[in-house]
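Below you'll find the structure, written out as structure tokens, and then a few comments.
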Amino acid sequence: MCGIVGYKGKQQPKDFLLEGLKNLEYRGYDSSGIALKNDDEIQIIRSVGKISSLEEKVNNENLINCSMGIAHTRWATHGIPSEENAHPHRVGNVTLVHNGIIENASELKEELLKENVVFNSETDTEVACAIINKYYEGNAVEAINRAIKVLKGSYAFCIFFEDSDKLYAVRKDSPLIIGYGEEEVYVASDIAAIISYTNKYSLIEENEIVEIGDRVTVTLDGNVVNKEVLTATISADSKDKCGYEHYMLKEIMEEPLVLEKTLKPYIDNLDKLPDLTEYEEIHIVACGSAMYAGMIGKTLIEENTNLRVTVEVASEYRYKKVIYDRKTLVILISQSGETADTIAAMRKAKMAGIETLAIVNVVGSTIARESGNQLFIEAGPEIAVATTKAYMLQVAMLSLLAYKAALSSGLVNDSVMNEIKIVPRMVREILDRRDDYLEIAKSIYERDDIFFIGRKIDYAVSMEGSLKLKEVSYIHSEAYQAGELKHGTISLVDDGTPVISIITDKDIKEKTISNVQEVKARGAKCIIISNEEITGYDHLIQVPKMSDFFQPLVVVPCLQLIAYEVAKLRGCDIDKPKNLAKSVTVE
């Protein structure tokens, strides 16, 4: 998740730009750069790797005297990490930085090449830069307005023009804010970048164009927008939506970063993980989304080892008769570590002398303190009631445990480790396709009933997708094993009923497609999420093909963003759904 900062004021912008980038490092990046501008010159400095490398280059340069600049941290999508692909980019009159992804970049590039435009990078960003330059005839706002009408995808741009002393910004899907200092204006991806300089800021809404000169002017479709000036009362590392409309969206968009943080220690050393093959039976005990994560873990472990695994709802497990007649490990999953039923289940197992392992986010929580062993996920604060990034990390941790167990059993080789390293980037690309999820949401948000179907691990993923949708949108939703449709469920399907099908298991793909055809024949609106091209249905979201261990991690974000967009269209209180609490600390 790259970061943007921009500055216009009375000072040399170098120090702010570098500090702002450092404050955005948590968003993830592989290269960085800055551009400085005065009336006569534009100076661009870029570097691969850490911001410290950029800082060293900047400090060794003879910088132009100026009071305006932009800077960027890039996480590579189009093109490898390199100085040529790093931002800022310049084409003709236009220099800019960009967060997001331009989905029609290839198509636009072909048109621009026919017009003899020369490109110096592999990036979609340079294409966007060229499009704005194409439309620029002295009026920056008009050029930006024309450009964003042809650009498809997500973007946050911070721009300056060679013959103008103003700074410009515009966004769609990717967050951007403007901050107000004493005769200084800042642009940033979130408040963390500017909180050391000002606590006064405004949120930039979709396709609002910010023009920063002697004053700040914001327009939307040519009409001036009066922006509310907000006051941040938090420190840079506190809980803030960081320019996102909802905490839920912010937390979904943080998934690549927290995945990278959680996975990295184990990529370097799998021995940090317990070996499940030391046990004869595994009990996974949790509630809600954590239990659905456990269902994915069960499938992965059983399919790739000879272990017997059960998944139990904690509120049932704590009261049921459990026979511990084998060497058993009880895995407890809880974001907060304070879930009452899960705590009770843990204590029940411990009283029986059974070993326990907690997958938990909060280090000082009850489950973390009392469990025999702990695996901590690096989700950070999760404020939205409906869990997103914490659930993803629970799935990721179970995937790692399953992979290590399979490796210990000699049933897989270590080549899968190479795939683990690209999982965060794959998730980033999935998240950047927000227009796809919005299109689906618009077609289903007025329905009263929505169904999810899948087989094996796809069914386990469907359970969480269904839960997320009903949690935040209040639409009745159910997930079913696809093979069970003919045993009653299909009677609920009529003309226009949305059926979301997950199809990633190649061994049973054709079976699930047959079930999709059954609901299609009864008038269902068929939405498919698959790692293969499947035609003939209303919507297809095609995700990258991954190993079985990590395939769910590129499907889950699609379901989360569909749920989010549906809830937003329905005007729901997304971060605080009715009747729900973040941590269920009572029975």
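Restricting attention to the chain, close to 60% of DSSP beta bridges with both partner residues there are antiparallel. Axis of helix 105-114 versus longest Cα principal axis of the chain: the two differ by about 30°, to the nearest ten degrees. Each principal axis of the Cα cloud of region 390-470 was taken in turn, and the coordinate range along them, longest first, works out to 49, 26, 21 Å.
Give me the distance between the Cα centres of region 549-565 and region 53-116, rounded to whole Å. Answer, in whole Å: 30. Within the same chain, lysines fewer than 8 places from Lys456 are excluded, and of the rest, those with a Cα less than 25 Å from its Cα are Lys298, Lys389, Lys404, Lys468, Lys470, Lys486, Lys506, Lys509, Lys511, Lys520, Lys525, Lys545. Close amide H pairs (under 5 Å, H built 1.01 Å from N) link Ser501 with Ile453, Ile527, Ile528, Ile529, residues at least 5 positions away or on another chain.
With no solvent and one equal point scatterer per Cα, compute the Debye intensity ratio I(q)/I(0) for region 101-235 at 0.08, 0.16, 0.17, 0.18 Å⁻¹ and report its log10, rounded to two decimals. For region 101-235 at q = 0.08, 0.16, 0.17, 0.18 Å⁻¹, log10 I(q)/I(0) is -0.23, -0.84, -0.93, -1.01. For region 330-385, the calculated P(r), taken from all Cα-Cα distances in 10 Å bins from zero up to the bin holding the longest distance, is 27, 55, 15, 2 percent.
For the peptides 176-183, 50-57, 165-172, 187-194, the ranking by mean Cβ contacts within 10 Å, running from highest to lowest, is 187-194, 165-172, 176-183, 50-57. Amide H to amide H distances under 5 Å link Arg308 with Ile282, where only residues 5 or more positions off or on other chains count and H is placed in the peptide plane. Given in Å, the Rg to one decimal and the Dmax to the nearest whole number for the Cα atoms of region 227-377 are 18.1, 66. With a Förster radius of 25 Å, plug the Cβ-Cβ distance of Asp214 and Asp163 into 1/(1 + (r/R0)^6) and report the FRET value to the nearest 0.05. Efficiency, from the Cβ-Cβ distance: 0.90.
When the alpha-carbon atoms of region 85-181 are used, the pair Rg, Dmax equals 12.6, 45 angstrom. Taking the longest Cα principal axis of the chain as reference, the axis of helix 389-408 is set at about 60 degrees. Of the peptides 392-398, 5-11, 128-134, the order by per-residue mean of other Cβ atoms within 10 Å, starting with the highest, comes out as 392-398, 128-134, 5-11. Over the chain, accessible surface divided per residue gives 40 Å², non-protein components excluded, 1.4 Å probe.
Extending 7 Å from Cα along the Cβ direction at Ile44 and again at Asp15 yields two label points whose distance is 2.8 nm. Computed over the alpha-carbon pairs of region 55-139, the distance histogram in 10 Å steps reads 16, 46, 29, 9 percent, short to long. In terms of the mean number of neighbouring beta-carbon atoms within 10 Å, the peptides 315-324, 281-290, 524-533 order highest first as 281-290, 524-533, 315-324.
Using a probe radius of 1.4 angstrom, the carbon and sulfur fraction of the accessible surface of region 168-236 is 43%. Orientation-averaged projection of the chain equals 27.6 nm² [convex hull of Cα atoms, one quarter of hull surface area].
Based on the reciprocal of the average 1/r between different C-alpha atoms, the Kirkwood radius for region 458-577 equals 14.8 Å. The mean sequence distance of close C-alpha pairs (under 8 Å, at least 6 residues apart), as a share of the length of region 98-166, puts its relative contact order at 46 percent.
The values are calculated or read from the model by the stated rules, or taken from the named source; none is laboratory data. Note that the structure is predicted; figures quoted are calculated from it, not measured. Please note: Cβ atoms are built from the backbone with ideal geometry, for glycine as well, and neighbour counts cover all protein chains shown. Protein only, heavy atoms only, side chains kept; ligands, DNA and RNA dropped before computing areas. Shrake-Rupley method; radii C 1.70, N 1.55, O 1.52, S 1.80 Å.
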